[in-house]
Amino acid sequence: MSSDNTITRFAPSPTGLLHAGHAYSALFSKQAAQQKNGRFLLRIEDIDFTRCRTEYEEAIYEDLSWLGIEWETPVRRQSDHLDEYTTATEKLRQGGLAYPCFCTRKDILAEIDQAGAAPHRTGDLLYPGICRDLSADEQQSRMAKGEEFALRLNLGKSLEATGGENLVWHDRQKGPQTARPELLGDAVLARKDIRTSYHLAVVIDDALQQISLVTRGLDLFEATHLHRLLQALLDLPTPEYEHHALIKDEKGSRLAKRKKSPTLRDLRNEGQSAQELINKLIDW
Ligand code: GLU
């Protein structure tokens, strides 16, 4: 079988134990590489020091080994590369494409309430722009007072800078897509506490690791619209994407760490073999 230089990756966050949905995602990515005689990489997305734990990272290695998945070493751990993410956010800030945002969640909700605008999204609300046009003086004086701030994408300026309405990307299941980063609005690129964000780190790492095919769950489909814009802003290549369906439990609801879905460790302790799980996932 010839290789077309396909490189895929599985990029879990060590914020809990993996469940069958993660197993499916990891196997999906591994198989996509194998089909092309390509490479499969594992990346540990551990930027969120408030939630990530070493014991969960160890458990990821244990679970993947149990599933019979091998990966290349050294594994890229995002926490080893925080400076690279800061360099990128600073570049965006200096280019006027990102701005400091001092708002708390409460400020944002109050503003949305006051505007009487029903948020179009549940969960992550679109930012109403409170800090978008603060003067440079006000930004400086609030920073000098030690007020904490996040960095947000200035979506309007970013679209102007890139001709963003015409950016395209390709999903192997859903076909050609025109980027719609407005779905996420002025997204946070650097959180107040961890000074970076999933969105920023993931596009940088996918580029640095030369990932040619990003496979991940459909829950991240909307995020890809923003990632495409970030690639244009940071001069990074755009990989191909394949967003796969999410594994659900018998009641049809999505598996999740926070819902205490059975973990791979639970399944193993109950005596289930990796092959039994894999057979179930294939049938699913
Ligand atoms: N770290 C993300 C997660 O565990 C996955 C990111 C991705 O595949 O792009 O949900």
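The values are calculated or read from the model by the stated rules, or taken from the named source; none is laboratory data. For clarity, every value in this text was computed on a predicted model and none was experimentally measured. When we count neighbours, we look across all protein chains shown, and the Cβ atoms used for this are built from the backbone with ideal geometry, even at glycine. Note: accessible area is taken over every heavy atom of the protein model, side chains too, but ligands, DNA and RNA are not part of it. Shrake-Rupley method; radii C 1.70, N 1.55, O 1.52, S 1.80 Å.
Exactly one residue among LYS192, LYS157 is more than 22 Å from the chain's Cα centre (by Cα) and at pLDDT 95 or above, and that residue is LYS157.
In the range 71-99, which residues are in contact (Cβ under 8 Å) with a residue 12 or more places away in the chain, within 30 Å of ALA274 (Cβ to Cβ) and acidic (Asp, Glu)? The answer is GLU72, and nothing else. Listed by position, the strands (runs of 3 or more DSSP E) contained in the range 153-211 that have at least 3 residues being within 16 Å of the ligand (Cβ to nearest atom) and without any contact (Cβ under 8 Å) to a residue 40 or more places away in the chain form an empty set.
Looking at the range 1-118, the helices (runs of 4 or more DSSP H) lying wholly inside it that each contain 1 or more residues that are within 16 Å of the ligand (Cβ to nearest atom) and within 30 Å of ASP133 (Cα to Cα) sit at 82-94. All conditions in (1) closer than 24 Å to GLU58 by Cα; (2) open to solvent by less than 80 Å² (accessible area, probe 1.4 Å); (3) at pLDDT 80 or above hold for GLU276, with the sole exception of (2). Number of residues in the range 159-216 that are open to solvent by 70 Å² or more (accessible area, probe 1.4 Å) and over 30 Å from GLU147 (Cβ atoms) equals 12.
Only one of the numbered conditions (1) more than 13 Å from the ligand (Cβ to nearest atom); (2) within 21 Å of ILE44 (Cβ to Cβ) is violated by LEU255, and that is (1). Just one of (1) open to solvent by 60 Å² or more (accessible area, probe 1.4 Å); (2) part of a strand (DSSP E or B); (3) within 13 Å of the ligand (Cβ to nearest atom) trips up ASP219, so point out which. Looking at each condition in turn, ASP219 falls short on (2). Hey, does the range 120-131 have a residue that's open to solvent by 30 Å² or more (accessible area, probe 1.4 Å), in contact with a strand residue (DSSP E or B) (Cβ under 9 Å, 6 or more places away or on another chain) and of a type in the set (Phe, Trp, Tyr)? The answer is no, given that none of the residues of the range 120-131 is open to solvent by 30 Å² or more (accessible area, probe 1.4 Å), in contact with a strand residue (DSSP E or B) (Cβ under 9 Å, 6 or more places away or on another chain) and of a type in the set (Phe, Trp, Tyr). ALA232 satisfies every condition listed in (1) open to solvent by less than 60 Å² (accessible area, probe 1.4 Å); (2) within 14 Å of the ligand (Cβ to nearest atom) except (2). For ASP4, the test of being among the charged types (D, E, K, R) and surrounded by fewer than 21 Cβ atoms within 10 Å (Cβ to Cβ) is passed. If the condition is being touching a Lys or Arg at 6+ places or on another chain (Cβ under 7 Å) and farther than 14 Å from LEU200 by Cβ, then the range 76-117 contributes ARG76, GLY96, TYR99, CYS101, PHE102.
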